[in-house]
Structures are given as C-alpha cells and as structure tokens.
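Just so it is clear, none of the values below were taken in a lab; they were calculated from the coordinates. Since the model is a prediction, treat every value here as computed from it, not as a measurement. Neighbour counts are summed over all protein chains in view; Cβ atoms, including those assigned to glycine, are modelled from backbone coordinates with ideal geometry.
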Amino acid sequence: MKTKDKKRVQVQIDEELFNEAESVFNALGLNATSAITVFYKRVVANGGIPFDLELTEHEQAKVALMNATKNSPKQVLSTNDELMEWLDEDE
C-alpha cells in the first residue's frame with residue numbers, strides 16, 4: 001500500500017483564538033490537524049468556503065461602535081457608570 005505524500009501547512013494565529021478553538025475541537029473529539037483536514041475536504045467538496053463569510057449581529061455592532069468612536073478622544077472607562085456617563089455626553 002502506497003502512503004500519500006503529505007504537505008505541511010504552517011500558520012500564525014492569535015493564541016487566545018487557538019486555545020478557544022482547541023477547546024471546541026477537543027469537545028468534538030478532534031485535534032487541530034483533523035479539524036483543518038475536515039475543512040480542506042469540505043472546501044474541495046463544496047468548491048469553495050463551506051460556510052457563509054458574514055459578520056454576526058454582535059460583530060456588526062462592534063464594527064459600528066468602533067466606527068462611531070474612531071475620532072473620539074481616548075479615555076479609560078473603569079466602571080459601567082463611567083461608560084454610561086460617557087455615552088450620555090452631548091457632542
């Protein structure tokens with residue numbers, strides 16, 4: 001039986017994201033290699049990315065907030081009260 005040639009895939013990924021994904025993989029009985037292999041197989045079977053590439057409502061709200069505040073002066077807000085006061089300020 002002939003063994004298939006293997007190709008190494010090497011990426012840099014945020015450590016926190018990696019750890020969170022590893023937890024999900026472990027719960028599914030997978031490791032990173034098997035999860036990436038499944039992803040590649042689905043790409044080939046679908047002829048493209050096997051899921052929609054769109055922002056969730058939470059991600060859309062985060063982008064909107066970032067855009068709305070990008071020209072605001074930087075300020076550290078430590079409590080919910082400080083945040084609410086800052087949000088209520090008139091421009």
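Some notes on this structure:
- For the listed peptides 61-71, 22-32, a ranking on the average number of other beta carbons within 10 Å per residue, highest first, reads 22-32, 61-71.
- Top of 49, 36, 13 by mean-square fluctuation, Gaussian network on the chain, Cα under 10 Å: 13
- Remark: region 37-48, residue by residue, has Karplus-estimated 3J(HN,Hα) of 4, 4, 4, 4, 5, 5, 4, 5, 5, 8, x, x Hz, where x stands for each Gly or Pro and the curve is 6.51 cos²θ - 1.76 cosθ + 1.60 at θ = phi - 60°.
- Considering only 51, 18, 39, the mean-square fluctuation computed in a Gaussian network model of the chain, springs between alpha carbons under 10 angstrom, is largest for 18.
- When the Gaussian network model of the chain links Cα atoms closer than 10 Å, the mean-square fluctuations of 81, 14, 52 top out at 81.
- When the P(r) is computed for region 7-91, the part past 20 Å accounts for 62% of the Cα-Cα pairs.
- Reachable lysines from residue 7, criterion Cα separation under 28 angstrom, eight or more residues apart if same chain: 41
- Distance in nm between pseudo-label sites at residue 12 and residue 63 (7 Å out along the Cβ direction from Cα): 2.4 nm
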